[in-house]
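Colleague: Attaching a single structure in structure tokens format; questions to follow.
The values are calculated or read from the model by the stated rules, or taken from the named source; none is laboratory data. This one's a predicted model, so the numbers in the text were calculated from it and none came from an experiment. Note that each Cβ is placed from the backbone with ideal geometry, even for glycine, and that neighbours are counted across all protein chains shown.
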Amino acid sequence: MRIVRRVIPRAPPSFIKGVPDMGGPQSLMLVTMPRSGSVYLWRTLAEGLGLPMVRTSLSDFPDDHLVLAQFQYLMTFGGVSQEHLDAKPVTLELLKAAGLAPVVNVRDPRQAMVSWLHYLDAEFQTHGQKMFFQDAPADWLGHSFEEKADWCVDHHLPKLVTWVEGWLAAEEQLPGILFSSFEDMKADEGVFFDKLLVHWGIDPGGFSHPHLDETTRRETANFRSGQTDEWVSALSGEQKARASAAIPGTMKSRFGWID
């Protein structure tokens with residue numbers, strides 16, 4: 001059972017006043033859509049910069065919450081934090097007060113959904129149903145791929161779309177957000193990481209890419225196939241149409257997600 005000393009339901013005024021601007025030598029916040037290369041990005045950045053990996057939230061989705069003690073630790077001692085934080089007002093308020101300029105990493109929700117489906121398969125086979133998947137059918141493994149995909153289109157895809165919409169809307173409230181994408185990382189990883197580092201005011205020359213090998217990726221980064229368009233062949237025509245219709249056209253245009 002996970003024990004949390006204090007979750008931040010709203011920003012305590014005394015805490016906001018006491019948040020140091022940019023914390024330790026480098027306090028970096030990476031906010032990621034689930035199944036967008038989250039742990040790989042986190043570990044690569046931390047190892048490449050020689051910084052600790054710091055957890056700052058409950059690590060839930062889609063309703064995540066910062067944990068006061070962990071957030072204070074990040075701001076005091078520095079490090080790289082990777083979370084699936086949604087853009088709720090209290091989170092934006094705290095990030096702004098701390099002077100953090102988060103990178104928000106996204107992925108085509110249709111592909112993230114298919115990757116999530118396979119992830120649930122592995123988790124159910126290994127651990128059974130967990131609280132993190134409490135809304136998934138208890139007999140998940142007894143369903144066909146098509147049935148699982150139908151469930152994901154109806155129940156999981158909308159959460160991903162809403163999550164991205166929340167962060168897009170937060171651009172006006174939290175200046176300094178940088179959006180990145182899994183697709184950009186796959187296209188040119190060097191350019192991708194340079195962009196993140198420049199955003200945080202870090203000289204890319206001081207970053208030593210650890211170049212995690214295939215075995216390390218699979219063991220430590222929830223690695224699966226890393227494809228960008230698997231959903232095109234994995235989903236039925238009807239499922240593709242429903243999934244595509246659930247994503248606003250402006251969002252597709254913003255990130256280059258084609259139908």
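Colleague: Filter the range 41-83 down to residues that are at pLDDT below 95 and of a type in the set (S, T, Y) and give me whichever is nearest to V106 (Cα to Cα).
Modeller: Checked the range 41-83; the qualifying residue nearest to V106 (Cα to Cα) is S59.
Colleague: Same structure, new question: Please state which of the following conditions L95 fails to meet, knowing it meets all the rest: (1) surrounded by fewer than 23 Cβ atoms within 10 Å (Cβ to Cβ); (2) assigned to a helix (DSSP H, G or I).
Modeller: The failed condition is (1).
Colleague: Consider P34 against the criteria (1) touching a Pro at 6+ places or on another chain (Cβ under 7 Å); (2) surrounded by 19 or more Cβ atoms within 10 Å (Cβ to Cβ); (3) not basic (K, R): it satisfies all of them except one. Which criterion is unmet?
Modeller: All conditions are met except number (1).
Colleague: Another question, then. Only one of (1) buried (at least 17 other Cβ atoms within 10 Å of the Cβ); (2) in a loop (DSSP other than H, G, I, E, B); (3) of a type in the set (A, V, I, L, M) fails for L197. Which number is that?
Modeller: Answer for L197: the failing condition is (2).
Colleague: Quick check on D194: is it touching a Pro at 6+ places or on another chain (Cβ under 9 Å), more than 21 Å from Q111 (Cβ to Cβ) and not β-branched (V, I, T)?
Modeller: Working: touching a Pro at 6+ places or on another chain (Cβ under 9 Å): yes; more than 21 Å from Q111 (Cβ to Cβ): yes; not β-branched (V, I, T): yes.
Considered against the rule, which asks whether it is touching a Pro at 6+ places or on another chain (Cβ under 9 Å), more than 21 Å from Q111 (Cβ to Cβ) and not β-branched (V, I, T), D194 comes out as yes.
Colleague: Out of all the residues in the range 53-87, which are farther than 17 Å from W200 by Cβ and among the acidic types (D, E)?
Modeller: Across the range 53-87, the qualifying residues are D60, D63, D64, D86.
Colleague: List the number of the failed condition for D135; all other conditions in (1) over 16 Å from the mean Cα position of the chain (by Cα); (2) over 23 Å from L41 (Cα atoms); (3) at pLDDT 95 or above hold.
Modeller: The failed condition is (3).
Colleague: Evaluate the range 71-86: report whether one residue or more is surrounded by fewer than 17 Cβ atoms within 10 Å (Cβ to Cβ) and at positive phi.
Modeller: Quick first cut of the range 71-86, residues surrounded by fewer than 17 Cβ atoms within 10 Å (Cβ to Cβ) only: 76-77.
Filter once more, so that each one left must be at positive phi: none.
Taking every residue of the range 71-86 in turn, none turns out to be surrounded by fewer than 17 Cβ atoms within 10 Å (Cβ to Cβ) and at positive phi.
Colleague: Mind counting the residues in the range 223-259 that are modelled with pLDDT under 95 and either more than 20 Å from F145 (Cβ to Cβ) or among the hydrophobic types (A, V, I, L, M, F, W, C) (or both)?
Modeller: Going through the range 223-259 one residue at a time, the tally reaches 3.
Colleague: Taking T216 as the residue in question, decide whether it is over 19 Å from H118 (Cβ atoms), at pLDDT 95 or above, in a helix (DSSP H, G or I) and among the β-branched types (V, I, T). Quick ask: steps written out before the conclusion?
Modeller: Details: over 19 Å from H118 (Cβ atoms): yes; at pLDDT 95 or above: no; in a helix (DSSP H, G or I): yes; among the β-branched types (V, I, T): yes.
It is false that T216 is over 19 Å from H118 (Cβ atoms), at pLDDT 95 or above, in a helix (DSSP H, G or I) and among the β-branched types (V, I, T).
Colleague: Next up: Return yes when A46 is out of contact with any Asp or Glu (no Cβ under 8 Å at 6 or more places or on another chain) and either outside any helix (DSSP H, G or I) or within 21 Å of D203 (Cα to Cα) (or both) and no when it is not.
Modeller: On the way: out of contact with any Asp or Glu (no Cβ under 8 Å at 6 or more places or on another chain): yes; either outside any helix (DSSP H, G or I) or within 21 Å of D203 (Cα to Cα) (or both): yes.
Judged against the criteria, A46 is a match.
Colleague: Tally time: how many residues in the range 43-71 are closer than 21 Å to L94 by Cα and in contact (Cβ under 8 Å) with a residue 40 or more places away in the chain?
Modeller: Qualifying residue count, the range 43-71: 10.
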